[in-house]
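The values are calculated or read from the model by the stated rules, or taken from the named source; none is laboratory data. Keep in mind it's a predicted model, so treat the numbers as computed, not measured. No Cβ is skipped: glycine too gets one built from the backbone with ideal geometry, and neighbour counts run over all protein chains shown.
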Amino acid sequence: MVYKFYLTEHSLATIKKLSKNYHPRYQANYFDRYIYIMDYVMRFSSVSSNSVPVNLQRLSNMLGVRNSTAAKMLNELVMEKCLEKTKLYKIGVNSNVFSIPEQHEMCCEVVPLNESSMAYKIIEKRNRSLESYIDTPDGFEYSKYLNLLSISDYSGTSSCIEYVYSSSLMDTYRIKKNIKKQITNLERIKNGDIFVTRKDPLSRVCCNFSILHHKLRKYLEFEGKTLSCIDVRNSQPLLAGMYIKHTLGQSFDELDEYISRCEKGMFYEDFMEGVENRKEFKIKFFEEVFFGKVTIRKTKLKKKFIAKYPKVYDIICQIKGGYDSGTHADFAVGMQRFEASIIYDAINLPMIRDGYPCFNIYDSIVSHSEEVLEEATRRIYKEFAKYGVKPALNIEKF
């Protein structure tokens, strides 16, 4: 196996020198680790600004060394003028922003790798990580519009985060964890550190903006314009029905009625009697009916669904693998991949290739332009029509 590392002409000789400071037995491994650090900064500086945030904990995990060792290696590369440390990146973890010195020319070093080498292992580990998708042609094209988005009122996001989680029903640990996640993500957006992720060619595409809490989306803008999105009403139940009917080749009257209720945007109303909070109800519905394990015990909500759609429920249980199966996530994964094949692969990505600036948040298309959203509407109807479905759509201004 050979792998192309992006380095600078200056750094290659320096890395060879630095790796000799270690025990002869480990010099090859540290040579690989230094190369990986430089390669990481070089690659990500090409798709964002020249400044690349490096999370120390994440880097040390990737390299298989302690935090102190990873920090030492970064400092050595700075001292040798292979990297420049630009500014402190405060997000509650040990992170700093690095860049490549302007006077250094980029070169490409082809290194033969043995499958037992450290470099092979860390590259394979990185390629399995979510952010490797941005290195693909599609991921790079997708990231172009994202790199032009900004936060209109950064100071206002703090009070918004505090408000969002102040009435949360989560335990204290999860609240703190989610707050930290949102702050970290906002910092990354502010610093132009945009990521685009896809676990495999069939899965959903995620980015900084898809994991952003929906209450914070109002602070996003493109050249002073706020963003809006168009999404499919009752999208998850509708996609579940379409997945069963077309992917698994199942079709019967009950399923047609199920899909019809979703098309009208009235699916949840059949089960929400006496429930006021629609969002909390949807979460509960997904946990108990679609995504949870198949159990003998039936909740009140699950009984309602079984009474109305017994055959649909049986098929869902079969896909999950039956009672107490460890494969119960198969249905959720299948739904998400089916969703991605329509919303991302068949609608969003072709729009980007045709010059329409937009991105998707799972089942929705987001843009600052009304013209783009009109085109998205047309394409959504056209794509769903291939499955014999005409969904109800929502337009939301962030």
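Observations
- Selection of helices (runs of 4 or more DSSP H) fully inside segment 246-326 by the criterion of at least 3 residues being in contact (Cβ under 8 Å) with a residue 24 or more places away in the chain and either of a type in the set (Lys, Arg) or in contact with a helix residue (DSSP H, G or I) (Cβ under 7 Å, 6 or more places away or on another chain) (or both) returns 253-263, 300-308, 310-320.
- Lys125 in a strand (DSSP E or B), basic (Lys, Arg), at pLDDT 60 or above and surrounded by 13 or more Cβ atoms within 10 Å (Cβ to Cβ): no
- Residues in segment 205-238 that are closer than 30 Å to Asp314 by Cα and over 20 Å from the mean Cα position of the chain (by Cα): Arg233, Asn234, Pro237, Leu238.
- Residue tally, condition aromatic (Phe, Trp, Tyr) and within 13 Å of Ser228 (Cα to Cα), over segment 343-398: 2
- Number of positions in segment 217-229 that are crowded, with 20+ Cβ neighbours inside 10 Å and closer than 21 Å to Arg379 by Cβ: 2
- Among the conditions (1) small (Gly, Ala, Ser); (2) over 22 Å from Thr247 (Cβ atoms); (3) crowded, with 16+ Cβ neighbours inside 10 Å, the only one that Gly274 does not satisfy is (3).
- Selection from segment 360-398 of residues that are among the aromatic types (Phe, Trp, Tyr) and within 27 Å of Ile244 (Cα to Cα): Tyr362, Tyr381, Phe384, Tyr387
- Looking across Lys87, Lys72, Lys81, one residue alone is of a type in the set (D, E, K, R) and either buried (at least 19 other Cβ atoms within 10 Å of the Cβ) or modelled with pLDDT under 70 (or both). It is Lys87.
- When residues in segment 148-197 are screened for being under 21 Å from Lys225 (Cα atoms), out of contact with any Asp or Glu (no Cβ under 7 Å at 6 or more places or on another chain), among the hydroxyl-bearing types (Ser, Thr, Tyr) and in a loop (DSSP other than H, G, I, E, B), 0 of them pass.
- Selection of segment 380-395 for residues being closer than 21 Å to Leu255 by Cβ and among the aromatic types (Phe, Trp, Tyr) yields Phe384, Tyr387.
- Filter result (modelled with pLDDT of 85 or more, of a type in the set (Phe, Trp, Tyr) and not in a loop (DSSP other than H, G, I, E, B)) within segment 1-32: Tyr30, Phe31
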